[in-house]
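Take a look at the structure below.
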Amino acid sequence: MGRVLCIDYGLKRHGLALSDGLRMTARGIETLERPRTRAEEFGRIRDLVREHEVDLVIMGLPLNMDGTPGTHHDEVLRYAEALTEFLGIDIHLVDERRSTMQAEHHLRRFGTGGFRKRKGRVDAVAAAIILQTYLDAPAPKDDGE
């Protein structure tokens, strides 16, 4: 079983997080400033998938607090579909409600320097929160159990 990569999709940059080999813990690995072309962007993600032996990618799915589709919901769906085709790896969409707010709170509380430094890290921390939520969720049961 390989690692899990999480992408917290953004218009200007994506937060990226990675699980450990046992899929127990998540850590933010980088904030990817979106390149000019999708080919460059997908190429960087492919490089991370290969480098870290990733066999599952998850992405945060923007939902409003009432569960309805949030801002950029449809864009994330299209992006996930295109990335799935490019990588040949399944992409699971995970509810990302409150992840950015939790990340900002965490960075303020535990400190990482000034506002600019926090702003640059918040996306990777949000991705780690989304990924940890996914890793901590109970595994789905088989129909045969």
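Numbers below:
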item	result
Unmet requirement for TYR79, which otherwise passes all of (1) in contact (Cβ under 8 Å) with a residue 60 or more places away in the chain; (2) outside any helix (DSSP H, G or I)	(2)
Test for GLU85: is it out of contact with any Asp or Glu (no Cβ under 6 Å at 6 or more places or on another chain), modelled with pLDDT of 95 or more and either part of a helix (DSSP H, G or I) or among the basic types (Lys, Arg) (or both)	yes
Test set (1) exposed (fewer than 14 other Cβ atoms within 10 Å of the Cβ); (2) among the β-branched types (Val, Ile, Thr); (3) closer than 15 Å to LEU5 by Cβ - THR71 fails condition number	(3)
Top-ranked residue in region 30-43 [being out of contact with any Gly (no Cβ under 9 Å at 6 or more places or on another chain) and more than 17 Å from PHE86 (Cα to Cα); ranked as surrounded by the most Cβ atoms within 10 Å (Cβ to Cβ)]	GLU33
Residues (more than 14 Å from TYR9 (Cβ to Cβ) and either touching a residue at least 60 places away in the same chain (Cβ under 8 Å) or surrounded by fewer than 16 Cβ atoms within 10 Å (Cβ to Cβ) (or both)) located in region 53-68	GLU53, ASP55, ASN64, MET65, ASP66, GLY67, THR68
Top-ranked residue of region 122-138 - restricted to ones that are in contact with a helix residue (DSSP H, G or I) (Cβ under 6 Å, 6 or more places away or on another chain) and closer than 14 Å to VAL94 by Cβ, ranked as surrounded by the fewest Cβ atoms within 10 Å (Cβ to Cβ)	ILE129
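The values are calculated or read from the model by the stated rules, or taken from the named source; none is laboratory data. As the structure is a computational prediction, the values presented were derived from the model and not from experiment. Because the Cβ atoms are built from the backbone with ideal geometry, glycine has one as well, and the counts that use them run over all protein chains shown.
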